[in-house]
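**Student:** Handing you this structure, nothing more for now.
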Amino acid sequence: MDSKIRKVPNFPKPGILFFDITTLFEDKEAFKKIIDELCQPYEGKGIEKVVGIDARGFLLASVVAYKLGAGLSVVRKKGKLPYATKQASYEKEYEPDTIEMHQDTIKPGEKVIIIDDLLATGGTILATVDLVKQMGGEIVGIDVIINLSFLPGLKKLAELNYPVHFLIDYDNENIES
């Protein structure tokens, strides 16, 4: 799967290596494999909501929600949702940000999985965890395509005892741009 991921140096700013997964989506076999692998741990587990993080997480979460027979909830950047929201702020690798969810998108006790494309420092996912917890959702798992093990995201989530499932792991040694 690694060969299907485009690595773009110095995007969105110098020193950042951007992992472009749109190339995985363009390949029908790779896309099917990704979705099947993201769904597999949750089949028959009664997942009620799949939370997709803006924007590549939307693409994954919508298909996973459909396959699992679950609803879809979205996490967007501040100011993009039209109804009353809950907010969480965090530090990304290169700048601060705030995300939001509609305040009624997760019902108390709903079994939830969170999906995004990549886990790096963990800021976006941890902020999403905070939003889901604010609404009383039960986080069953967190799924990403790519884990950057040389950054602290996975360790931060492990400290909170959330199961994290990823398909590809990069450390500083196995990244080819």
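The values are calculated or read from the model by the stated rules, or taken from the named source; none is laboratory data. Computed from a predicted model, the values in this text were never measured in an experiment. Because the Cβ atoms are built from the backbone with ideal geometry, glycine has one as well, and the counts that use them run over all protein chains shown. Just the protein is used for accessible areas: all its heavy atoms, side chains included, with ligands, DNA and RNA removed. Shrake-Rupley method; radii C 1.70, N 1.55, O 1.52, S 1.80 Å.
**Student:** Looking only at residues in the stretch 93-103 that are touching a residue at least 12 places away in the same chain (Cβ under 8 Å) and open to solvent by 40 Å² or more (accessible area, probe 1.4 Å), which one is nearest to Thr121 (Cα to Cα)?
**Tutor:** Residue satisfying both the conditions and the ranking: Glu93.
**Student:** Exactly one of (1) touching a residue at least 60 places away in the same chain (Cβ under 8 Å); (2) open to solvent by less than 10 Å² (accessible area, probe 1.4 Å); (3) not basic (Lys, Arg) is unmet by Leu157. Its number?
**Tutor:** (1)
**Student:** I'd like the full set of residues that are of a type in the set (Asp, Glu) and either at pLDDT below 95 or in a loop (DSSP other than H, G, I, E, B) (or both), limited to the stretch 21-44.
**Tutor:** Passing the criteria: Asp27, Glu43.
**Student:** Leu119: more than 12 Å from the chain's Cα centre (by Cα) and crowded, with 23+ Cβ neighbours inside 10 Å, yes or no?
**Tutor:** No.
**Student:** When you check Gly44 against the structure, is it over 11 Å from Ile115 (Cβ atoms), without any contact (Cβ under 8 Å) to a residue 60 or more places away in the chain and open to solvent by less than 40 Å² (accessible area, probe 1.4 Å), yes or no?
**Tutor:** no
**Student:** Further question on the same structure: Please state which one of Gly15, Gly71 is more than 25 Å from Phe150 (Cα to Cα) and open to solvent by 20 Å² or more (accessible area, probe 1.4 Å).
**Tutor:** Gly71 is the lone residue from the list that is more than 25 Å from Phe150 (Cα to Cα) and open to solvent by 20 Å² or more (accessible area, probe 1.4 Å).
**Student:** Of the residues Pro82, Pro9, which single one is surrounded by fewer than 17 Cβ atoms within 10 Å (Cβ to Cβ) and farther than 25 Å from Gln103 by Cα?
**Tutor:** When all the criteria are applied, what remains is Pro9.
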